[in-house]
Amino acid sequence: MRRLLMALLGIAAILLFIPRAGALWPVNAEPLPEETRKLLEKSLSVVEIDREIERISGLKGKTQTDIENNEHKLSEQEIAIAVQREKAGRVLRSYYMGYKDFWLSALLNANSLPDLLKVWDTMDMIVQSDHKTMDGYAAEYLNLKKGYDQLRHDKEDLAAVEEQLVTQRERILTLQNELDQSLEASGDQQMLLRLMDELQAYWRNVGLYEVKQHFKALAEAMGNLPDYVKNTPGIIQTNGLKTKLTLTDTQLNEFLRSEDSRFNDFSFSFDNDLLTMEGDNGNIQVKIQGRYTLEEEPENAIRFHVDTLVFNGLTLPDTTRADLEREFDLGFYPQKLIKFVKATSVEMNDGKLIVQLAIGG
């Protein structure tokens with residue numbers, strides 16, 4: 001406990017000299033005791049899960065509004081389709097009750113070519129009107145069916161969103177209880193609370209923005225990667241109908257640093273089927289670790305999934321990783337490289353990203 005208190009006092013002394021407006025969480029301070037680090041991670045997780053709850057709540061509200069709008073539109077469509085159904089019914093009844101025979105008789109009894117043409121024009125006009133009526137009914141019916149399908153989909157989405165909301169609320173309550181218990185047992189609750197407040201303020205005002213800026217720069221750079229691959233000899237090797245792409249982590253580092261100077265402070269490496277990015281620019285230390293997976297929907301792509309995100313020594317929760325994945329696309333799309341090819345496998349080992357490509361749709 002004495003070691004914990006000494007570490008906290010040291011950190012508190014650092015924080016006293018941090019200006020409130022541009023607070024920087026000390027990235028090069030002495031390592032925190034393990035129990036303090038875990039406490040701060042939970043504190044940061046509470047902030048991020050609360051942010052996720054806010055996002056899901058907004059999504060729930062939007063989905064509920066969409067459902068109400070769809071139900072209103074469906075009511076209007078049902079009235080419109082009732083009118084179209086009646087018109088279509090009259091058309092069908094006329095055909096089944098001998099209306100066709102009437103026009104056939106009129107054609108046969110025409111005494112001159114002008115009379116025949118008049119009967120034909122009148123008949124053609126009515127037939128076109130009948131087709132228009134039937135087509136209108138079919139279109140209204142399809143629109144109604146699509147509306148009900150969308151309504152069902154929206155209600156399924158709403159149920160899933162509500163389930164997520166319940167899960168995250170339960171999760172944040174559990175974390176908050178664990179934090180409260182740890183604070184009570186710490187012997188220096190006020191000091192820890194202040195430390196947690198400083199971290200949370202720094203993360204909200206600086207940390208999250210910095211992390212997102214790095215992800216944004218990375219996503220923009222990845223959009224230009226196909227051009228780099230095409231213009232760099234040796235990366236693409238072709239053998240018959242098969243093509244292999246081999247990108248070294250040295251090449252990736254060279255490419256990214258040419259795209260954005262902020263990557264001068266970071267390094268990227270391929271190993272054990274993981275891409276690892278680590279760096280320290282003096283203000284933040286970041287470690288991002290993730291994997292590429294081969295996916296077919298909605299298109300053939302190699303998508304990046306964040307498995308680990310560490311900020312200034314503190315591991316961020318899965319909700320933050322998922323949020324960054326939603327906002328920033330770090331994927332690789334083979335058909336932007338070569339038309340009519342598909343990726344068939346991807347692996348990362350010994351400093352290399354290897355993608356097997358084949359002729360596809």
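The values are calculated or read from the model by the stated rules, or taken from the named source; none is laboratory data. As the structure is a computational prediction, the values presented were derived from the model and not from experiment. Backbone-built Cβ (ideal geometry, glycine too); neighbour counts: all protein chains shown. Each accessible area value is taken on the protein alone, full model and side chains, heavy atoms only, with ligands, DNA and RNA left out. Shrake-Rupley method; radii C 1.70, N 1.55, O 1.52, S 1.80 Å.
Taking segment 226-360 as the region of interest, the number of lysine pairs whose Cα atoms are within less than 13 Å, with members eight or more places apart or on different chains, is 6.
Would you work out the charge dipole size for segment 214-359 about its Cα centre, treating the Cβ of every Lys and Arg as +1 and the Cβ of every Asp and Glu as -1, and quote it to the nearest 20 debye?
500 debye
Shown is the FRET efficiency for K212 and E156, computed with R0 = 45 Å from the Cβ-Cβ distance and rounded to the nearest 0.05: 0.90. Using the average count of surrounding beta-carbon atoms within 10 Å as a protection proxy, the listed peptides 59-68, 307-316, 38-47 rank, highest first, as 38-47, 307-316, 59-68. Once the 1.4 Å probe is applied to the protein heavy atoms, segment 214-359 comes out at 48 Å² accessible per residue. Taking 16 Å as the cut-off, the amide N atoms of segment 321-361 that come nearer than this to a point 7 Å along the Cα-to-beta-carbon line of Q289 belong to 321, 348-351. Take 208-217, 164-173 and order them by the average number of nearby Cβ atoms within 10 Å per residue, most first; the result is 208-217, 164-173.
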